[in-house]
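One structure, pasted below without further comment.
The values are calculated or read from the model by the stated rules, or taken from the named source; none is laboratory data. Computed from a prediction, not measured in an experiment: that's the story for all the values here. Here the Cβ is made from the backbone with ideal geometry for all residues, glycine too, and neighbour counts use every protein chain on show.
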Amino acid sequence: MKSNYLKTLFGSAIATTCLISATGGAAQAGQFYNNWNYSIDSFTDGSGGEAYNIRGMATMETSDSIWVALTGGMPLEGDSNWRAADDNIGWGDLFFNFTGDGFQTASDNNALFGVRFAGTNDSGAATTGVYAGVGAAGVASSNAGYNSLRHYYNSGYNRTNTMGTDIATKAEAFNYFGKTTPVLNVIASGERVGDIAMQSQNALTAAGLDFGNFGASGNHTIGFSFDKSLIASGDYMASLFLECANDGVALAGHATEPVPEPATAAGLAFLGLTFLGGKLRRRRDA
Ligand SMILES: [Ca+2]
Ligand SMILES: [Ca+2]
Ligand SMILES: [Ca+2]
């Protein structure tokens, strides 16, 4: 009796705290801070507790690379869960849509870019890395997840900033992702065009990342970067869901064309050839 009462009291205290911080932490669309572009997700729309709650996504670009950071309760290696076919529910893949079309149309046209960053998820991509010409697939059904976005919202998770700052309402989410169709959350097909480099917490902080500015720091913050030339340039919508579609986040951003450094590249190539030539000559002399 007593423990139940305390649990109820404690539970409602947590709920109230979350509600306050969710309101206080809500960001405006396309919110820039320290060179990073942030999309702050609802703190109370993770179905299944904090492990299944995304708090935010952010991107930053340098002259030649794009950095991505995610924060929330889900570790990179996923959450052990017997209800999933592989006993694990984790992150889906990240998508960049430069087409201006809705997500399903871009997927049907194999016009998405995709990034697999979680090495143990149910992606159709063979390994982690950046993929072009991507079509997406849904794996929520084999991860104890929701059949559709409508199923998720009807289960009681409609919140302000439902998909983060840039797809803030249920109507906007239906419009972009579809309403009754499966949530497409992993890469199904595409060409692997390059690697990603995982970035440590220290590296992310040194690069200016600060989810704390929005009160949005989760238990796990994941970051990686990749060469900007691997994807298109221009306006994009980036998005991802957990494998179970228990939470998702989207971010509207802009990627500029990589700045070429022909002098440096040519110089290095020349040095390399000179070195190689020297070695070959020596070998021939010997
Ligand atoms: Ca969330
Ligand atoms: Ca799984
Ligand atoms: Ca969300």
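Filter region 103-140 down to the residues that are β-branched (Val, Ile, Thr) and not in a loop (DSSP other than H, G, I, E, B), then identify the one that is surrounded by the fewest Cβ atoms within 10 Å (Cβ to Cβ).
THR105
May I ask you to list the residues in region 66-85 that are away from ligand 1 (no atom under 16 Å from the Cβ) and either charged (D, E, K, R) or under 16 Å from the mean Cα position of the chain (by Cα) (or both)?
ILE66, TRP67, VAL68, LEU76, GLU77, GLY78, ARG83
Being of a type in the set (Asp, Glu) and surrounded by fewer than 24 Cβ atoms within 10 Å (Cβ to Cβ) is the filter; apply it to region 45-66 and report the residue that is nearest to ALA238 (Cα to Cα). Break it down into steps so the answer makes sense when it comes.
The initial filter retains those residues of region 45-66 that are of a type in the set (Asp, Glu), namely 45, 50, 61, 64.
Filter once more, keeping what is surrounded by fewer than 24 Cβ atoms within 10 Å (Cβ to Cβ): 50, 61, 64.
Working: GLU50: 22, GLU61: 14, ASP64: 19 Å.
Across region 45-66, the extreme among qualifying residues is GLU61.
State the number of residues belonging to region 80-100 that are of a type outside the set (A, V, I, L, M), in contact (Cβ under 8 Å) with a residue 12 or more places away in the chain and more than 9 Å from ligand 2 (Cβ to nearest atom). Give the steps one after another, and end with the answer.
Of all residues in region 80-100, those of a type outside the set (A, V, I, L, M) come to 80-83, 86-88, 90-93, 95-100.
Still in the running and in contact (Cβ under 8 Å) with a residue 12 or more places away in the chain: 81, 83, 86, 88, 90-93, 95-100.
Now narrow it down to the ones that are more than 9 Å from ligand 2 (Cβ to nearest atom): 83, 91-93, 95-100.
Total satisfying the criteria: 10.
Failed condition for ALA69, given (1) surrounded by 18 or more Cβ atoms within 10 Å (Cβ to Cβ); (2) among the small types (Gly, Ala, Ser); (3) not in a strand (DSSP E or B), with all others met?
(3)
Scan region 243-254 and report the pairs whose first residue is farther than 15 Å from PRO75 by Cβ and more than 9 Å from ligand 3 (Cβ to nearest atom) and whose second residue is among the polar types (S, T, N, Q) and not in a strand (DSSP E or B), with Cβ atoms within less than 8 Å and a gap of 6+ or a chain change.
Cβ pairs passing all conditions: ALA245/ASN185; LEU251/THR165.
Here is a follow-up. Those residues that are in a strand (DSSP E or B) and within 22 Å of GLY253 (Cα to Cα), I need them from region 72-102; list them, please.
Within region 72-102, GLY72, TRP91, LEU94, PHE95, PHE96, ASN97 meet the criteria.
May I ask you to list the residues in region 87-102 that are surrounded by fewer than 22 Cβ atoms within 10 Å (Cβ to Cβ) and more than 16 Å from PRO75 (Cβ to Cβ)?
PHE98, THR99, GLY100, ASP101, GLY102
Same structure again: Go through ALA15, ALA26, ALA58 for me and flag whichever is modelled with pLDDT of 95 or more and either basic (Lys, Arg) or more than 16 Å from ligand 2 (Cβ to nearest atom) (or both).
ALA58
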